[in-house]
Structure formats: C-alpha cells, structure tokens
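Here the structure is laid out as structure tokens; the discussion comes afterwards.
The values are calculated or read from the model by the stated rules, or taken from the named source; none is laboratory data. Remember, predicted model here, so these are calculated numbers, not experimental data. Cβ placement follows ideal geometry from the backbone for every residue including glycine, while neighbour counts extend to all protein chains displayed. Quick note on the areas: whole protein, heavy atoms, side chains included, nothing else; ligands and nucleic acids left out. Shrake-Rupley method; radii C 1.70, N 1.55, O 1.52, S 1.80 Å.
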Amino acid sequence: MSWGTELWDQFDNLEKHTQWGIEVLEKYIKFVKERTEIEINYAKQLRNLSKKYQTKKNSKEEEESKYTSCKAFQNTLNEMSDYAGQHEVISENMSSQIMTELIRFVQELKQERKSNFHEGRKAQQHIETCWKQLESSKRRFERDCKEADRAQQHFEKMDADINVTKADVEKARQQAQIRHQMSDDSKGDYSSVLQKFNGEQNEHYHTHMPSIFQKLQDMEEKRIARLGESLKMYAEIDRQVIPIIGKCLDGITKSAESINEKQDSQTVIEAFKSGFEPPGDVDFEDFTQSIKRTVSDTSLTTTKADGKTDPKTPGKSRGKLWPFIKKNKLSLKLGATPEDFSNLPPEQRRKKLQQKVDELNKDIQKEIDQRDALTKMRDVYLKNPQMGDAGSVGQKLIEIGNNIEKLRVEVQKFESWLAEVEGRLPVRNDSSRRQSGLYETQNTAPVNNCAQDRESSPDGSYTEDQSQETEVKVTPTEFDDDFDDEEPLPTIGTCKALYPFDGENEGTISVSEGEILKVIEEDKGDGWTRIRRSEEEEGYVPTSYIEVYLDKNAKGQSGPSLRPSKIKEMHL
C-alpha cells in the first residue's frame, strides 16, 4: 500500500500526521530524560544513605565493627553503593544511547519533512498555475466564439437590408471574418493549453506527488521503526545491569549468612572481660560476742591500721561495690582516660596497652621507612648536587630521628605498663577471689596488702604509689560541693608547649607546639599540669609536653584537683 496512490488527495492530513509523529518521538525523548533524572537521583540518594550509615573512623562505631553482624551490615552498605552505581549506569546509557541519538534523529526528521512538504507545495503551486492558464485560455476561446457569432449575425443582417450601402456590408463581412479568425486562434491556443495541462496533471498526480508521498511514508515508517528500536534498547539497558544487581543482592545475602551469633557472643566476652574472679562467700560476723568486730583474714572488708572500726560513722561505711558501682557525676563530667589505662580492669587494660604498643611500633616502622628513603635521596644529592640540596634532607633526617626516639621512649613506657599488668593478672584461687570482693567497709589496709588493694581498686585500676591507696577518699557530697563552688584560680606562671597535644578527653585542653599559655596549678606528682588559654578555656596537659616558668612570688594553689589521672579516686 502506497500513500501516493491511496492518499493522493490527503496532502494536508499527511502534513498534520507527520507533525504528530515527530511530537510523539519528542514526547518519548522527554520521558527517557525524566527517567534518567530519576535514576541519577535515586543513585545519589542510595549513595548518601549508604554513606550516612557507614562506620566513621576514630569513633566508637569503628570498634563495634568487629562483630559479625556489624560487618554484615557494613558489607550490605557497600553492596548498596555498588547497587546505586548500576542505576547511574542505567542513567548514563539511556542518556547516550537513546536520548542523544533520538534528539539528533528528530532534527533529521524535521529537516527531511520540511524539504518534502516544500517540494509538495511547489508542485501544487505549479499545477494550480497550469490550471489557471487553462481556465484563462478557455475563457478567451469562449469570448472569441461569442464575438465571432455576433459579428456573423451583424453581417447577415446588414447584407439583407436593402437600405445599407455595399460598403457597409463589405465592412461587416470583413469584421465577421476577423472575429472568426480570432475564434479559430483561441480554439487552437485553448487546445494546446488543455493538452499541456492534462500532461502536467497526469505527471503531478501519478508521478511527482506519489514520489513525495512515498518519501513521507518512508520517513514516517523510519520514525516508527526507530521508536520501536529505542523501546527495545530501553528494556535492554535495564536488562544489562540485572546480573550485576543480582550479584549485589547475592553479596547482601552472603553477608547475612556470614553472621555468627556465637562468635559475636565470644567477641563480647573478649571486649568486656575484666579478668577478676567472682567474690567469695561473706563470712558470718557474730555481734553478740563483743562490740569490737574481728574481721577474718578471708573477709572482703579491710580494716584500719589499728584494726578498729570508726565508731563515729557506723552507718557510713566508705566501702565500694566496685565492679558494679556507677561513676559519680564528677567523673562523668571529666570523662578523661589515664595514659596508662589504669581506669580499666586488668584484662581490658592489657588489651588497650598491647594495642597502643602495636600502634606505636607501626608508627616507628613508618618513620624508619621514611628515614631510609630520605637517606637514599641524600646519597643521590651528594653524588649529584645539581639534583637537589642534601642539607635540606639532612635536617629532615634529624627530625625523623628525634621522632623515632620519642616513639621508642613511648613504646618502652607502655611495654613496662604491659609487663606489670601481665604479671599481676589474678590467679584462680581463694585469695584472688577474696581480692575481688564486692565491697570494702574500711578506708585503709595493712601495708602488706597494698598489692592486693591496687589490684582491687574501685574501677579495676592499678596505681604505682602505695600511699595513694591509703588516702582518705572524699564522699560524693563533699567533693561535689567543692566542685560546684570552685572559683577561678589565679595565674602562678607561664609555660611553653614543647609538643602538640590533642586534648581529646574531657578535662584536658589541646595545645600547639610553641604555644605560650598560663599555668594555674602545678603538677601534683601525677604528670599533669593545669593551664589556661582564656577565661573560658582551661584544662590539663601532660607535664612532659610543656616547659614551665613559675612566678616566684605566686602562691601555689591547693584547690580541688580535677586531673584525668585522678578520676579513679573519685569513684565510690
């Protein structure tokens, strides 16, 4: 079926139809464009969602990621990020393979359609011109015939009239002959124009216009076929990423199957195991024998130096339910962690110290690798001075050497603490069970039990100075009053920061190397000095990190000490 033969008289309708076809294609292009925007936005939202729940570095979540359930969740987030990437691929392929190609194709269609209809209109104008010429020739022939007929009638009338002169009759005869000649000429011209028009019309409706209509038909069929191909490609682009999306979903399923509840339970044990033994039985104390209670050697209570209780405070025992006691509000405010992790139970302290030693050894190895690289570079510069200055590299090597020395000192310090902890982990016997009792009823203990007291401090910490274990601990009420009523301390000197300090724990303050600050409290022997930067910024820094210049005329302060290393003495 051809448009040229079947739709020979539907030129205007074909013009409207082909315009509608191009609009359909443009509508489809718009649809694909909006789909690509949806896909790219969906991918972006999926990536943001995955990033939002990713484990943050140097946070508590990073430590929790050792559990299999957390690892599975993190793997799921990674798979979702890859899943989002496939939607980005869909958007990119639809944009490049469908939208861009169709936009160019539509432009070509519009140009082709414009050219064909321009040619068709030109052909129509030509046939209309031929028709007008035919009509003009026909009217002229008709007019000449009428004029010739009137001239003939006038001649016959003049010739029959006896009153008309011969000259007038001759004149009428000549006029009739002229009109007949003009009529014959018009007839010949009309016949010629008619023959030409019929030829043009036949050419127009059977050759020229069918050719134009065929081009339009081919153009429209090409548009329809291209739309079908695009719809097929639309589905194929989605189908191409289905295997990869399936792999992402398989990865999520595999992550879910990797969850091991028993392993996570064991991880909880390793994370929170204190290393203490459960408390033993509490001995019966017979109050009917004497007012003075005799405390058995295996009792959880520790007596004062004279072996007597304080009669003034019979109901206010300074004992501590230490493995389960909550920290007082001051320690919660400070939140500081001692450098030797003495606030932790033995097992946890050992793990933290071992982790710190491993980190420092890694830092030392990095510095050594950097030193070796710079050494090679210096040797090259010495052999080829034009390549660089060996002196600048030498200065850097000195700095690295100093850093390595500082790190090794730190390693030795933490290794000594680690050796101490590993040598003091409790043994499973009756005395160790007594050492890990739930509470103490007295404030002091005999000197020969200092080691035991250090192992059974309220928060599971260890202290180097035995005298610190025999100090009288203040009650929460007394300390809280001192803390709440504390007044700003005056400046007693200045200090210069030798090394940078982060001050990440509460109660501490960060300093930069070379920074000058005010000293408001000296080191009390625990390795911390209290400094102030401004009225709103003050806190503790390690004494070894600063160089102190005290004012000789200033009086030392004896206000409440809030050093991070003293937190263990504030627990009740």
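Brief remarks on what is shown
- Tally of residues being over 25 Å from the mean Cα position of the chain (by Cα) and either part of a helix (DSSP H, G or I) or surrounded by 18 or more Cβ atoms within 10 Å (Cβ to Cβ) (or both) across the stretch 8-57: 22
- Screening the stretch 357-474 for helices (runs of 4 or more DSSP H) wholly inside it with 1 or more residues that are open to solvent by 70 Å² or more (accessible area, probe 1.4 Å) and at pLDDT 50 or above returns the ranges 390-424.
- The residues in the stretch 254-313 that are modelled with pLDDT of 75 or more, part of a loop (DSSP other than H, G, I, E, B) and either basic (K, R) or more than 30 Å from N75 (Cβ to Cβ) (or both) can be counted, and the count is 12.
- Any hit, the stretch 114-136, residues being at pLDDT below 95, open to solvent by 60 Å² or more (accessible area, probe 1.4 Å) and more than 27 Å from N202 (Cβ to Cβ): yes
- Selection status of I103, more than 30 Å from T36 (Cα to Cα) and touching a helix residue (DSSP H, G or I) at 6+ places or on another chain (Cβ under 8 Å): no
- Residue check, I212 under 30 Å from N116 (Cβ atoms), among the hydrophobic types (A, V, I, L, M, F, W, C), surrounded by fewer than 18 Cβ atoms within 10 Å (Cβ to Cβ) and at pLDDT 90 or above: no
- Screening S510 with (1) at negative phi; (2) under 45 Å from the mean Cα position of the chain (by Cα); (3) at pLDDT below 50 gives one miss only, at (3).
- Yes/no for K232 being modelled with pLDDT under 90 and among the basic types (K, R): no
- Test: L109 is touching a Leu at 6+ places or on another chain (Cβ under 8 Å) and surrounded by 13 or more Cβ atoms within 10 Å (Cβ to Cβ): yes
- Positions within the stretch 153-188 being within 30 Å of T129 (Cα to Cα) and open to solvent by 60 Å² or more (accessible area, probe 1.4 Å), in sequence order: R179, H180, Q181, M182, D184, D185, K187
- Qualifying residue in the stretch 511-522 (condition: touching a residue at least 60 places away in the same chain (Cβ under 8 Å), not in a loop (DSSP other than H, G, I, E, B) and not small (G, A, S)): no
- Qualifying residue in the stretch 144-152 (condition: closer than 17 Å to G188 by Cα, open to solvent by 80 Å² or more (accessible area, probe 1.4 Å) and part of a helix (DSSP H, G or I)): yes
- Test result for E101, under 20 Å from the mean Cα position of the chain (by Cα) and open to solvent by less than 80 Å² (accessible area, probe 1.4 Å): no
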